[in-house]
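Inspection log for the structure reproduced underneath, given as structure tokens.
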Amino acid sequence: MRILLLHSDFIEYQPISKEVEAAEDIQYKASKKIDEVIVALIAVEKDDDESIIDDVCKELKAYSEKIKCENLLLYPYAHLSSQLATHGTALAVLISIENQARDLFTTVNRAPFGWTKSFHIKIKGHPLAEHAKTIHSKGNGEKKELTLISSALKSEDALNSTWYVHVPEDKLIPINDYAFQKDSALKKLAEYELSKKRTVVEVPPHVKLMKRLAIADYEPSSDGGNLRYYPKGRLMKSLIETYVTKMIHEYGGIEVETPVMYDSNHPSIHSYFNRFPARQYNIQSDNKQLFLRFAACFGQFLMAKDFQISYKQLPLKLYELTRYSFRREKSGELVGLRRLRAFSMPDCHAFCRDIVQAKEEFVKRFELSLKVVEGLGISPNDDLEMVIRFTTDFYEQNKEFIQAFAARLKKPILVEMWKEKFFYFIVKWEFNFVDRSGKAAALSTDQIDIENGQRYNIEFVDSDGEKKYPIILHNSPSGAVERVIFALLEKADMEVHTGKPPALPLWLSHTQIRIIPVSSNHLAFCEKILELLNKNSIRTDIDDRELSVAKKIREAESEWVHFIIVIGDKEAGGKEFVVRERVTKSQYNISIENLMRRIKQEISDKPYLPLNLPKYLSKRPIIMV
RNA sequence: GGUCAUGUAGCUCAGCCUGGUUAGAGCGAAGGUUUUGUAAACCUUAGGCCGUGGGUCCAAAUCCCAUCAUGACCUCCA
């Protein structure tokens, strides 16, 4: 890296035009004057990486102490070197330097990257006023990976918004005037969003449950937030995925598959980075700097760009269930299944002709999301809290629409209003599951995006023969699959506290019926029943281990098996069995046909997949976690 | 990422503060006895580099440092 430090009375600069495709987006092109400042002209070179940043900052600080000046301007200046780094790397390094320098200087400014700029500068006359320095990466062994920090991430703090509560009587009440019900989930959510305080200090219950029920577990040999899923967890995920996909097909979604990694230097993607407040996994492969996708957006946009689309085909709905989406969340934020670095996300984009069509579709997809969530065993009214966020402009132009939309849920809704559009969307809603410790996690969500149609150059031909950019909706009707499991486990744990036996939805339970033979003599008969049940798409297994009946019942109950049938001499050859049912805590006589009918009635609209473990318990490895 | 806490058998944990024979328990596993009727039958055996790496000490699970992992909080969420 080459740096030229200039102790200046003032500098005045003005961005003129973009010089490279990877140029930053900037808000204002006005000229900027800074007095009494160190101007650091910087060229990031080929071999520079993040390991250099500490040294650079030390150098900057040392210089600042020598000349007693606490103001810094970082000024990208490619002309200092002929061995330049790629644009992406250069920007990332500059941003990192900027972030780190903030702690060391009173004021830190950075001139925009990738722009032609004009500037006036007056350099002081003392001997130290001009100082050039070349700094090399530590080059010992492996290069440290670059962390691209998007400008959205930094500027998030600056996001200016006001909060309200929308009540069913079509009113927006400023949040401070709203009387929250004591201990309500909405109150917790509001506290969470406005980050005043967190209620309880406790290990999240779902973490213990996901281990105890052998659904999922941490994998220390991977990166944090990348979990392993045991047979029962894998089956649950498959079922949820199948279900959500089926529902989106019915809505009209067209399923596609797109790559998990992309070139960071692709212009559309690059500028999208800066609109998305997350960190990425970065991969260096030969000369390419790749990143792992954090959503299905790019893949679908890049695909749609190559489609020939007429207004007659709109809204066009593309759908993908990502396995996985990757987000390199800060390590301290990772929690069980609530917040992961790799997760499966159904993502359905609708490309719409105009804002009228977009709003219509927005409503349809809200209905879809309600249905999907309900089907998954989570009640939008009882288990979820809704947040809706929009810009002041959108609200002013669409008051009635917003009010009608918010009134679909017959309960108060949290509202955030932005003064100006900061992200790419103008309106967005989400369902939040609030767990016992007051932590909120978003499930379903949808957004109206007015930027990316143009950014990705997606075009359709309108009725007037003109090419136009569609408005894009981003919907995940269920939210991340792993988060659905998180919510179900947390919900089950809440039920324990109200005295109900905890349970998962029947259609998501690995074992739906457990058959327990009294002795090994009854095995043959058990096998006959099992065949019948499995043929009728009811997942059934047999506990053929040499244990007491009481013990086997105990284990079945602790596995949250919904129905248990004990088979002994009394039942052998007969038609009626005593069934022990978990949810109702009851035992009753029932014929096998009636039991099948009952179960099918409950789950017939849900997908079926066979057992993901041997039907005999004696043949299963014991997963001890 | 920061602060604090935790890491001992497959699992849940005791021992650590105050260093000292061979590191314990329950569950689970293996072998055996029992042929069992609705939430834990009985006996025997195996199972440990006390997270990892360094240090102090005659001596380290125990004290110190580093590191990794996990959790809580801070912060934040498409």
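The values are calculated or read from the model by the stated rules, or taken from the named source; none is laboratory data. Quick caveat: nothing in here was measured; it's all calculated off a predicted structure. Because the Cβ atoms are built from the backbone with ideal geometry, glycine has one as well, and the counts that use them run over all protein chains shown. Surface areas here come from the heavy atoms of the whole protein model, side chains and all, with no ligands, DNA or RNA. Shrake-Rupley method; radii C 1.70, N 1.55, O 1.52, S 1.80 Å.
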Can you tell me which residues in the range A:446-477 are of a type in the set (S, T, N, Q), out of contact with any Lys or Arg (no Cβ under 7 Å at 6 or more places or on another chain) and at pLDDT 95 or above? A:S463, A:S476
Mind checking which strands (runs of 3 or more DSSP E) fall wholly inside the range A:120-218 and carry at least 2 residues that are more than 15 Å from RNA strand B (Cβ to nearest atom), outside the structural domain of A:A407 (by TED's automatic domain parsing) and modelled with pLDDT under 75? A:130-134
Can you tell me which residue in the range A:47-78 is nearest to the chain's Cα centre (by Cα), limited to those that are closer than 15 Å to A:T134 by Cβ and among the acidic types (D, E)? A:D48
Can you spot a residue in the range A:347-364 that is more than 30 Å from A:A216 (Cβ to Cβ), within 16 Å of RNA strand B (Cβ to nearest atom) and not aliphatic (A, V, I, L, M)? yes
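Here's the yes/no breakdown for (1) touching a strand residue (DSSP E or B) at 6+ places or on another chain (Cβ under 7 Å); (2) surrounded by 14 or more Cβ atoms within 10 Å (Cβ to Cβ):
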{"position": "A:S8", "(1), (2)": "yes, yes"}
{"position": "A:E12", "(1), (2)": "yes, yes"}
{"position": "A:S17", "(1), (2)": "yes, no"}
{"position": "A:Y63", "(1), (2)": "yes, yes"}
{"position": "A:A78", "(1), (2)": "yes, yes"}
{"position": "A:A92", "(1), (2)": "no, yes"}
{"position": "A:A101", "(1), (2)": "yes, yes"}
Being of a type in the set (A, V, I, L, M, F, W, C), open to solvent by 20 Å² or more (accessible area, probe 1.4 Å) and modelled with pLDDT of 95 or more narrows it down to one residue among A:L611, A:L523, A:L547, A:L595; which is it? A:L611
Give just the number: which of (1) among the charged types (D, E, K, R); (2) in a strand (DSSP E or B); (3) surrounded by fewer than 19 Cβ atoms within 10 Å (Cβ to Cβ) does A:E385 not satisfy? (3)
Criterion (surrounded by fewer than 24 Cβ atoms within 10 Å (Cβ to Cβ) and near RNA strand B (Cβ under 10 Å from one of its atoms)) met by exactly one of A:S463, A:S444, A:S437: A:S437
Is there any pair linking a residue in the range A:383-410 that is under 18 Å from A:K187 (Cα atoms) to one that is part of a loop (DSSP other than H, G, I, E, B) and among the β-branched types (V, I, T), with Cβ under 9 Å and at least six apart or on different chains, and which? A:L384/A:I378
Is there a residue in the range A:470-483 that is of a type in the set (S, T, Y), open to solvent by less than 40 Å² (accessible area, probe 1.4 Å), within 11 Å of RNA strand B (Cβ to nearest atom) and within 25 Å of the chain's Cα centre (by Cα)? yes
I'd like to know if the range A:314-327 contains one or more residues that are closer than 20 Å to A:E219 by Cα and among the basic types (K, R). yes
Do you know which residues across the range A:264-297 are open to solvent by 20 Å² or more (accessible area, probe 1.4 Å), at pLDDT 80 or above and within 15 Å of RNA strand B (Cβ to nearest atom)? A:Y281, A:L292
Within 16 Å of RNA strand B (Cβ to nearest atom) and open to solvent by 10 Å² or more (accessible area, probe 1.4 Å), is that true of A:R339? yes
Residue pairs, Cβ under 9 Å, 6 or more apart or interchain, first in the range A:67-85 and of a type in the set (D, E, K, R), second open to solvent by 70 Å² or more (accessible area, probe 1.4 Å) and in a loop (DSSP other than H, G, I, E, B). List them. A:E70/A:T106
Counting only residues that are touching a residue at least 60 places away in the same chain (Cβ under 8 Å) and among the aliphatic types (A, V, I, L, M), give me the strands (runs of 3 or more DSSP E) lying completely in the range A:248-366 with at least 1 of them. A:316-326, A:342-352
Only residues that are small (G, A, S) and surrounded by 17 or more Cβ atoms within 10 Å (Cβ to Cβ): list them for the range A:556-592, please. A:A556
Answer yes or no: is there a residue in the range A:372-380 that is surrounded by 23 or more Cβ atoms within 10 Å (Cβ to Cβ), within 14 Å of RNA strand B (Cβ to nearest atom) and assigned to a helix (DSSP H, G or I). no
A:Y319 fails exactly one of (1) open to solvent by less than 60 Å² (accessible area, probe 1.4 Å); (2) within 30 Å of A:K211 (Cβ to Cβ); (3) in the same structural domain as A:D464 (by TED's automatic domain parsing); (4) not hydrophobic (A, V, I, L, M, F, W, C), namely (2)
Number of the exception - A:F433 against (1) modelled with pLDDT of 90 or more; (2) of a type outside the set (V, I, T); (3) under 21 Å from A:H349 (Cα atoms): (3)
